[in-house]
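Asker: To start, I am sharing the structure in question, which I have written as structure tokens.
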There are 2 protein chains.
Amino acid sequence: MAVDPECPVCRTADIVCAKWTLLVVRELDEGRSRFCELERSLTGISPRTLSLRLRELEQEGIVERQQLPELPPRVEYALTDKGRALLPMIEDMRCFGERWLDCNEPAASSDSVLTAPTA
Amino acid sequence: MAVDPECPVCRTADIVCAKWTLLVVRELDEGRSRFCELERSLTGISPRTLSLRLRELEQEGIVERQQLPELPPRVEYALTDKGRALLPMIEDMRCFGERWLDCNEPAASSDSVLTAPTA
DNA sequence: CCCAACCACTTTACCAAGTGAAGTGACGCC
DNA sequence: GGCGTCACTTCACTTGGTAAAGTGGTTGGG
């Protein structure tokens, strides 16, 4: 990105706003730990993207990758403390979504301003 | 995105994780209101992207666009209540960045960042 | 009066990131 | 020993963002 590398918001945005990143973090937080589990719960993600995301997050110190000495050698991913520090953001996003987005409604055609709650 | 439209986190991520979105919201919150002001403070954004982002945010009801009847007709953008509801996320991001990212340090990565390359 | 700049964009051409489908190699199951 | 799983990688394609230039109206300067 072409933004100020000294700005914590910019830096954080740069990391977490890559597609799927926060969703991966959430899945990890909810107990999913293996590649194919993540792949299955993140319906629509391509294995390439998941792989990339996981590697980036590992590089950032947000997830830890652990290759278990089993057969077949399975791999487990887990959030680090740094990774868990992202959870409040996800919580905020859930709040925002629940408060302002009609997530269980068919998303009224174009101007759904009429559903704007106590503004 | 190919994610669950009923999931508030997915929906919010979809809106908020477009490049520049949160940075635009922050600038708006910090008093910038005109197109060229935003353009100037968001160094590196292309006018096309800013325009797109602003229009998307307007459609989402996150910003309000107001065309003033002046000469030359200037345009002002402002956050709505819904838009302000995104601010906690930005605050979290700042916290995360300050706590976990070395935003004021040279970020000692692999090879020389400080010396200008032969280009 | 004419040229230039400003504002709020749009248009065009290009490139990087993400997608879907398929492939890989090591293994386990029957 | 052929089939399936796991954790990816490779490939061709589409989408989204970028840089650079253009647009149309309005002010300001020489």
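Asker: Under 8 Å between Cβ atoms, at least 6 apart or on separate chains: pull out the pairs that start in segment A:48-62 with a residue that is under 14 Å from A:THR12 (Cβ atoms) and end on any residue that is of a type in the set (Val, Ile, Thr) and modelled with pLDDT of 95 or more.
Answerer: A:GLU56/A:THR21; A:LEU57/A:THR21; A:LEU57/A:VAL24; A:LEU57/A:VAL25; A:LEU57/A:VAL63; A:GLY61/A:THR80; A:ILE62/A:VAL25; A:ILE62/A:THR80
Asker: Please verify whether segment A:21-40 includes one or more residues that are farther than 23 Å from B:ARG26 by Cβ, hydrophobic (A, V, I, L, M, F, W, C), within 13 Å of DNA strand C (Cβ to nearest atom) and within 14 Å of another protein chain (Cβ to nearest Cβ).
Answerer: There is at least one residue in segment A:21-40 that is farther than 23 Å from B:ARG26 by Cβ, hydrophobic (A, V, I, L, M, F, W, C), within 13 Å of DNA strand C (Cβ to nearest atom) and within 14 Å of another protein chain (Cβ to nearest Cβ).
Asker: Moving on. Please tell me if B:GLU27 is within 16 Å of DNA strand D (Cβ to nearest atom) and in contact (Cβ under 8 Å) with a residue 12 or more places away in the chain.
Answerer: yes
Asker: Out of the residues in segment A:30-45 that are within 16 Å of A:ARG65 (Cα to Cα) and open to solvent by 70 Å² or more (accessible area, probe 1.4 Å), state the one that is nearest to DNA strand D (Cβ to nearest atom).
Answerer: Across segment A:30-45, the extreme among qualifying residues is A:ARG34.
Asker: Just a yes or no: is a residue in segment B:4-11 of a type in the set (Lys, Arg), over 23 Å from A:LEU23 (Cβ atoms) and within 16 Å of DNA strand C (Cβ to nearest atom)?
Answerer: Taking every residue of segment B:4-11 in turn, none turns out to be of a type in the set (Lys, Arg), over 23 Å from A:LEU23 (Cβ atoms) and within 16 Å of DNA strand C (Cβ to nearest atom).
Asker: Could I ask something else about it? Filter segment A:46-87 down to the residues that are open to solvent by less than 50 Å² (accessible area, probe 1.4 Å) and near DNA strand D (Cβ under 10 Å from one of its atoms), then identify the one that is farthest from the other protein chains (Cβ to nearest Cβ).
Answerer: A:LEU68
The values are calculated or read from the model by the stated rules, or taken from the named source; none is laboratory data. Here the structure is a predicted model, which is why all the values come from computation and not from measurement. As a convention, Cβ positions derive from the backbone with ideal geometry for all residues, glycine included, and neighbour counts pool all protein chains shown. We work out accessible area using only protein heavy atoms, side chains counted, and drop any ligands, DNA or RNA first. Shrake-Rupley method; radii C 1.70, N 1.55, O 1.52, S 1.80 Å.
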